[in-house]
Amino acid sequence: MLTALDGVYGDRPDALTVAGRATSYEELLGAASAVARDITAGGAPAVAVTATASLETVAATVGALLAGVPLVPLPPDAGPAEREHILRDSGAALLDVDYTRRADTPATPAAGPTDPALILYTSGTTGPPKGVVLTAAAIAADLDALAEAWQWTAEDTLVHGLPLFHVHGLVLGVLGALRTGSRLVHTGRPTPEAYAQAAGSLYFGVPTVWSRIAGSPAEAAALSRARLLVSGSAALPAPVFRDLEALTGLRPVERYGMTETLITVSGRAGGEVRPGTVGIPLRGIRTRIAAEPGAEIGELQLTGPTLFSGYLGRPEATAAAYTEDGWFRTGDIAAVDETDGVHRIVGRASIDLIKSGGYRIGAGEIENALLDHPRVSEAAVVGLPDADLGQRIVAFVVAQGVTGTELTDFVAAHLSVHKRPREVRFVTAIPRNAMGKPQKKLLLTNDSEDRR
Ligand code: MCA
Ligand code: AMP
């Protein structure tokens, strides 16, 4: 699975650099093998790591793959409620990784390709996050298809600074480098300055990162030496696309995916790229649009070898994610160009799934956290358009004797910092229909309430 660790691409002291610390494949394999031995000795059904941007997280991931025990990466900014939920739901034992401790002999991989390799927690419209189970086979199929689409090879230096607890940063951004043999520079944080300094050939970012780079012309100009800029996790605004092209001479390639499906549709290196489009299906992926008769847009559904094996311990939720004839329902609304098959993501079917800074956040989860505050009697959460984040989380609450900042800090401490509302609006009542269901569409348009 991790071809580079087999030595086929050679080695170098800075094969990987994470947040300023460089390491070779040999050192990584030694550290990961020591972790693998601990995992095997521990006997837990899954293991977790606090997924800071660090070599320790990389060693934990590789160690778990070698031991054949699924890894659960915990968001490092998660509060106690979110951490406890993830650890309890997965049954994972928390790893303590020391990167300086190395095994003398490399561990031999113990897992088969169809065993679970990663369990990534992701939000639905309601309730706490669910564990998405991904096999090594699904991950390998996705990485190979992406390598083909992006002409991604051991000649590349991949640069990004994305979090290591999601598909984008961990699967593409770390396992992708270890499978293709490309050098990896993880910048710690995805700042324009760090991206400019890293001198890569291939860059990954979420639209918020690209928008910040487009707003920093000197740093953007340094990326003109790159081969390919890739954007994903949310829609790249057309003005950002154009600004990047003007500043770097490169037309960024967009790709589309989900935690449950991995990356399924992408633009091609060397191919024609149009702003606002995400390209064509990757090798092995079939897509279809479930549209009403006469309509051109509808839900994007897909099948292929990169799909997850289910939500951990939730067979009903897994079954509900598929159509009767076995296609995965993405919940995204899309259109496909009749002539060239290029896909365009138009939006999401549910108002209750928010994408902010590339993070997927369920409105229900934030509402439940707010309702846990003793001063809050009602809460409705929506994503409002935001120039920097794509959408920003706005909480409408009925509450007394508490400030917006206190409620923001409450959510940041209980769930995670990146799930905090960026704005709290106090209202006298949440608009509801005759059934008592919040009418969130009214909240999206009604901007007249008090802001505090
Ligand atoms: C602010 N901070 C706080 C609070 N307010 N801390 C505690 N309590 C508060 N109330 C602090 C934070 O700790 C942090 O500190 C600092 O403020 C900045 O945080 P924040 O404003 O949240 O960060 P940002 O600058 O807005 O983040 C933008 C970002 C980030 C870097 C683009 O959103 C990001 O990394 N996004 C990537 C998401 C991603 O990888 N998604 C992929 C999902 P300090 O700076 O000290 O830490 S996978 C997926 O979607 C599919 C498969 C796909 O297609 O890829
Ligand atoms: P996640 O589960 O965090 O992996 O988020 C998956 C969601 O991100 C998808 O269902 C889409 O709504 C969104 N997404 C990912 N890539 C793109 C893209 N290139 N354009 C628009 N939306 C995207």
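The values are calculated or read from the model by the stated rules, or taken from the named source; none is laboratory data. Remember, predicted model here, so these are calculated numbers, not experimental data. Neighbour counts run over all protein chains shown; Cβ positions are idealised from the backbone, glycine included. For accessibility, only protein heavy atoms count, side chains too; no ligands or nucleic acids. Shrake-Rupley method; radii C 1.70, N 1.55, O 1.52, S 1.80 Å.
Descriptive notes on the structure:
- Cα convex hull of the chain, projected area averaged across orientations, nm²: 22.2 nm²
- Label-to-label distance for D325 and H85 is 3.6 nm, based on points extended 7 Å past Cα in the beta-carbon direction.
- In this label model, Q151 and T339 are separated by 2.5 nm, measuring between points 7 Å along each Cα→Cβ vector.
- Segment 320-452: C-alpha gyration tensor shape, a/c 1.5 cut-off, then a/b vs b/c: prolate
- Accessible surface of the chain [probe 1.4 Å, protein heavy atoms]: carbon and sulfur percent: 52 percent
- Under the Debye formula (equal points on every Cα, no solvent term), log10 I(q)/I(0) of segment 194-334 at q = 0.15, 0.19, 0.21 Å⁻¹: -0.80, -1.06, -1.19
- Label-to-label distance, V398 versus A269, with points set 7 angstrom from Cα along the beta-carbon direction: 5.6 nm.
- Share antiparallel - DSSP beta bridges, the chain, percent rounded to 5: 65 percent
- Bridging of K440 to lysines at a Cα separation below 21 Å is possible for K355, K419, once same-chain residues fewer than 8 apart are set aside.
- For segment 298-373, the calculated P(r), taken from all Cα-Cα distances in 10 Å bins from zero up to the bin holding the longest distance, is 15, 36, 35, 11, 2, 0 percent.
- Cα-based Rg of segment 128-236 normalised by 2.2 N^0.38 Å, two decimals: 1.06
- For a paramagnetic label modelled on D98 (point 7 Å from Cα along Cα→Cβ), amide N atoms under 16 Å away belong, within segment 27-53, to 30-39.
- A Förster radius of 35 Å, combined with the Cβ-Cβ distance separating V417 from A22, puts the computed FRET efficiency at roughly 0.80.
- Remark: segment 163-242 carries 30 Å² of accessible area per residue (probe radius 1.4 Å; ligands, DNA and RNA excluded).
- With all protein chains kept in place, the per residue accessible area of segment 1-121 amounts to 42 square angstrom at a probe of 1.4 angstrom.
- Per residue solvent-accessible surface (Å²) - segment 355-411, probe of 1.4 Å: 38 Å²
- Virtual paramagnetic centre 7 Å along Cα→Cβ of K441, amide N under 17 Å, in segment 341-368: 347-353
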